[in-house]
1. Considering only the range 492-521, state which residues are within 6 Å of the ligand (Cβ to nearest atom) and farther than 15 Å from ASN464 by Cα.
2. Of the conditions (1) more than 7 Å from the ligand (Cβ to nearest atom); (2) hydrophobic (A, V, I, L, M, F, W, C); (3) in contact with a helix residue (DSSP H, G or I) (Cβ under 7 Å, 6 or more places away or on another chain), PHE551 clears all except one; give me its number.
3. Please identify the pairs in which a residue from the range 522-541 that is away from the ligand (no atom under 13 Å from the Cβ) has its Cβ atom under 6 Å from the Cβ atom of a residue that is of a type outside the set (A, V, I, L, M), counting only partners at least 6 apart or on another chain.
4. Criterion first (farther than 17 Å from THR228 by Cβ, open to solvent by 60 Å² or more (accessible area, probe 1.4 Å), touching a Phe, Trp or Tyr at 6+ places or on another chain (Cβ under 7 Å) and in a loop (DSSP other than H, G, I, E, B)) does ARG191 satisfy it?
5. Any residue that is at positive phi and touching a Pro at 6+ places or on another chain (Cβ under 6 Å) - is there at least one of those in the range 88-99?
6. Just one of VAL439, VAL447 is assigned to a strand (DSSP E or B) and open to solvent by less than 30 Å² (accessible area, probe 1.4 Å); which is it?
7. Only one of (1) open to solvent by less than 60 Å² (accessible area, probe 1.4 Å); (2) in contact with a helix residue (DSSP H, G or I) (Cβ under 6 Å, 6 or more places away or on another chain); (3) at pLDDT 80 or above; (4) farther than 30 Å from GLY537 by Cα is not met by VAL413, so which one is it?
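The values are calculated or read from the model by the stated rules, or taken from the named source; none is laboratory data. Source: prediction; values computed, not measured. Quick reminder, even Gly has a Cβ in these numbers, built from the backbone with ideal geometry, and neighbours come from all protein chains shown. Note: areas computed on protein heavy atoms with side chains; ligands, DNA, RNA excluded. Shrake-Rupley method; radii C 1.70, N 1.55, O 1.52, S 1.80 Å.
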Amino acid sequence: FYRLSLESLLSRNESLPRVIAMEAKLNALLSRPESKDLQLAANRYLLEVKKGADITAAYLLDRHGLTLAASNFLQPSSYIGNNYAYRPYFRDAMEGKLGSFYGIGTTTSDPGYFLTAPIEANGEKIGAATVKISLENFESALIRGGDTVLLVDAFGVIFLASVPEWKYRTLHPLDQETLRRLDASRQYNNRPLPPLDTPLRLQSDPLVIRTALPNAPAQDYLMQSKQTGSLGWSIVLLSRTKQERQNALLAGIAAGFAMAFLLSTVIYLRLNAKGFRERRQAEAELRQAHKELELRIAESTEDLLLTNASLEERIDSLKTAESILRETRDHAVQAGKLAVLGQMAAGISHEVNQPLTALHNFTDNAVQLLDRGRLDDVRENLGLIKQMAVRMGNIVGEIKNFARRPPVERVKVSVADVIAQAQMMVAPRIRQVGALIDVQSSGELLVWADQQRLEQVLVNLLINALDAVGEVAGQRIHVRVSDEGHQVSVSIHDGGAGIPEDVLAHLFEPFFTTKPVGKGLGLGLPISRMIISELGGRIEARNHETGGAQFTVYLEKA
Ligand code: ADP
C-alpha cells in the first residue's frame, strides 16, 4: 500500500519535464539568454507550470548546467544563476536520457525528487527542463500511519522515515567509494550520515530481526522490504512479530492472575488467623481491594477507549489515502483516454492528408486544363477527384463503423459458409497476391454468431494475412477450424514475417498500424476484437513456432 502510493506520486509527474522541454519560450531563451523579455516569459511560464502541476519547482538549465529561468524567480532563494552541472540528473539529460534523482536541495536545503528531460535543437542538446517534487506529504502520511516505514536509497541511506530519528542514517556503514560519490553529487548536501546502531541488511524475503527503535527496548520485528521507483530504492516495513505480541499478552494475563491469587490468599489468611474484630478489618480490606479492582477496570476501559480512538484515527487516515489512490487511478484512466484520442487524431489526419493533397493538385490541374480547353484531360482529372472522394468516404465510413455499431444477433451459423463467403470477398486481393488459402476443418461445425459480423472479422484477418505474406506467388495461408468441446476455434496462420514483440503489445489498440498511408487505418483488429467479444468469444494473436503470425478466434459451439 505504501509502495503503491509512492509510485503513483512519482509516476504522476514523470512526463512533465518532457512536456516542458517542448515549450518554444524556453528554446528561445536558450538561444538568447541575455534577453530580459525572454527571461521574464520563461520565468512566468515555469511559474504557471509549477502552480498547475502542483510541484515544488520547475526550472531551465543551459548546456553548462546554469539555471537560466525558474518558477521561484521572485523568491530570494531562487535557483537562477546557480549551476547544477554536478547533479547526476543534468548529466543524464545531456546524454539524451530522462534524468531522475532524489536529494537535498543545495540552495533551499529542502529534499526533493528531481526529474529532467533534455531540450534539443537540430539534433543537439542545448539545455534541460527540470522539475522538483516534494515527498513531504508522503512522509507526513507515513508518520501519521503509525507503522514503522523507511525509504532507503540504493546506497543504504534512509532518506524518508516514519521514525524521524532514523532519517539520514544508513542501514550499515558505507564504504569510502560510496561516500565519495555521495559527496560529489552533494545528494544529501554533505550531511553526516551515521550508520544505525544495529546494522540492517535488506532481503527480498520477509525476515525476523532484533533491533531497538529510538526510545524503545530491543525487540523482534518482522522486516519486509520491496524495491520501488527507478532509482533502486527500497521501502522497508518493520512490524512487531506476532510471537512478540502474544508473549506480551500472555505475560500480562499471567501477571493479572498472580496478583488476584496473591490478594485473595492474603485476605484468606488474615480472615482465618485473626479473630472477629480482625475479620471486620479484613472485610474493610476486601472492600478496599474491590474498589481498587474497580478502579483498575475503569483504567483498562479508558485504555481500551484510547486504543479504539487511535484505531479509528488510523482507519480515517487509511480512508483518506484510499481516496487519493482512487483519484490517482481516475486521472490515469483519463490520461489513457486522452492518449487514444491523440492516437486517433494522428491516425485520421495522417490518412486523410494524402487524398487531400491529391485533391488540391487535381483541382488546380483541372482549372488550368479547362483554361486551355483540354476537356478530355479535365474529365480524367475529375475522375481522379471522385476516386479521392470515395477513398475519404471509406475512411470516414470505417471510423463511423468503429464508433457506432448495430447490435449483434446471435444465431446458428455454419463456420464453413462464413469462411467461403469471406474468401469470396477477398478473392481479387488473393489473385493479386497470388496466394493459396488452404482450409481444413474437423467436420461441419456450427457456432452462435452473427453471419455478417463474423464474415467481417474473417475478412479483416485474411486481409492482414495477405498483407503479411506480400506479393510472392504460391504463399500459403492456412485456415483451421477445430472442435474444442463446447467451443469452436478458427485459426488463420500466414507465412509472413510474424509480429514483432513491440507491435504485439499494441495490436488491438484503435488506430495502431505499421502500414503506410492508404494501406491501413489500424481499426481492423480492434473492431474484430469488439465483434468477437460481443458474440461471447475471444480472439488471440501469437507468432507460430514455424514462423508467421497466427490469429485464433474462439466461439461458442451451437
Ligand atoms: P491495419 O491492418 O489497418 O494496420 P489492424 O488493426 O488490422 O490494422 O492491424 C494492426 C497492425 O497489426 C498492423 O498494422 C500490423 O502491424 C499488425 N498485424 C496484423 N496482422 C498481422 C499479420 N498477420 N502479420 C504481421 N503483423 C500483423
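1. Those that are within 6 Å of the ligand (Cβ to nearest atom) and farther than 15 Å from ASN464 by Cα: none in the range 492-521.
2. It fails just one condition, (1).
3. Within 6 Å, the pairs are GLY536/GLU556; GLY537/TYR554; ARG538/TYR554.
4. On the way: farther than 17 Å from THR228 by Cβ: yes; open to solvent by 60 Å² or more (accessible area, probe 1.4 Å): yes; touching a Phe, Trp or Tyr at 6+ places or on another chain (Cβ under 7 Å): yes; in a loop (DSSP other than H, G, I, E, B): yes.
Criteria met by ARG191.
5. Of the range 88-99, the ones at positive phi are 96.
In the following step, the residues that additionally are touching a Pro at 6+ places or on another chain (Cβ under 6 Å) were identified as 96.
Among the residues of the range 88-99, at least one is at positive phi and touching a Pro at 6+ places or on another chain (Cβ under 6 Å), which makes the answer yes.
6. Details: VAL439 fails: open to solvent by less than 30 Å² (accessible area, probe 1.4 Å).
Just one listed residue meets the conditions, VAL447.
7. (4) is the only condition that VAL413 fails.
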